[in-house]
Ligand code: MN
Ligand code: MN
């Protein structure tokens, strides 16, 4: 159940409206990392969640994001409003001025409509929580850039609040993920293939024009990692007959058998 209270979660004051800045703010209203996307992503994940404690977390934060949508929408509206009547302001974004009357719409800063394609909802709690941690990090950096491009003290104050809350959410999602007690590399129930999972392929080789070369670090050495130098061979090969047999088994049909013994890649890299 949703219930609207006629107050903003955080007071919004704008000294001098700046239509161009209002347009930038729309990225956090109807953009890929914006508040509507966050609200929908967490709330819909919550509907799918069978873990009562973490469902409560998803619904709490999903609902707070709706309040953020209201704050950033109010802020954007204040900056865009002069577009309705002033030609000079309208030139900042003719679409918002002429089609939208200087109001906010569910579009990003480039006028592209909001889409559910922005949402990451997998129905696997730990995978969803990772998506949410990343989503909060993106929202944080977008707010930071908006603050950097803002000259208005009141707007900056509201943006600082919204930016801060994203870190709060990030902390909560991280704690929720950790409290599941799962090995961080255990995703789903099918284990990875043992002799393949620890191979690191040095697939970008040579020396670049600025002297870039192959780098080593904890991502490609130690901890059982096998560094494979410039691999050009398939990991596994199968004969034409083996491939044909597999296809027959999978489709339940017999196809013309062949005796060709040429190896074929089982896996395309
Ligand atoms: Mn938010
Ligand atoms: Mn958030």
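What nm distance separates the two modelled labels at residue 16 and residue 190, each placed 7 Å from Cα along Cα→Cβ?
6.1
Using only Cα atoms and rounding to the nearest 10 degrees, what angle (0 to 90) does helix 52-80 make with the longest principal axis of the chain?
Result, in degrees: 50.
On C-alpha positions alone, give me the angle between the axis of helix 125-148 and the longest principal axis of the chain, in degrees, nearest 10.
40
Modelling each spin label as a point 7 Å along the Cα-to-Cβ direction, I'd like the residue 242/residue 205 distance in nm, to one decimal.
Here the modelled spin labels are 2.4 nm apart.
Under the classification rounded if a/c is under 1.5, otherwise prolate if a/b is larger than b/c and oblate if not, where does region 80-133 fall, given a ≥ b ≥ c as square roots of the Cα gyration tensor eigenvalues?
Cα axes put region 80-133 in the prolate bin.
Sort 246, 50, 240 so the one with the fewest other Cβ atoms within 10 Å of its own Cβ comes first.
The most exposed by this proxy come first: 50, 246, 240.
Testing the spin-label approximation: label points 7 Å from Cα along Cα→Cβ at residue 232 and residue 175. State their distance in nm.
Once both label points are built, they end up 5.4 nm from each other.
Decide, for region 169-236, between rounded, prolate and oblate: order the square roots of the alpha carbon gyration tensor eigenvalues as a ≥ b ≥ c, take rounded if a/c falls under 1.5, and otherwise choose prolate if a/b is larger than b/c, else oblate.
oblate
Of 64, 166, how do they rank once you tally other Cβ atoms within 10 Å and put the fewest first?
Lowest to highest Cβ neighbour count: 64, 166.
Taking springs between alpha-carbon atoms closer than 10 angstrom, which of 152, 117, 128 fluctuates most in the Gaussian network model of the chain?
Sorting by GNM fluctuation, first place goes to 117.
At R0 = 41 Å, how high is the FRET efficiency between residue 98 and residue 120 if r is their beta carbon distance? Nearest 0.05 is fine.
The formula returns an efficiency of 0.75 here.
Using Cα atoms only, what is the angle between the long axis of helix 240-251 and the major principal axis of the chain, expressed in degrees (0 to 90) to the nearest 10?
Tilt of helix 240-251: around 60 degrees.
Every number in this text was worked out from the coordinates using simple rules, so none of it is lab data. Keep in mind it's a predicted model, so treat the numbers as computed, not measured. Cβ sites come from the backbone with ideal geometry, for glycine too, and all protein chains shown count toward neighbours.
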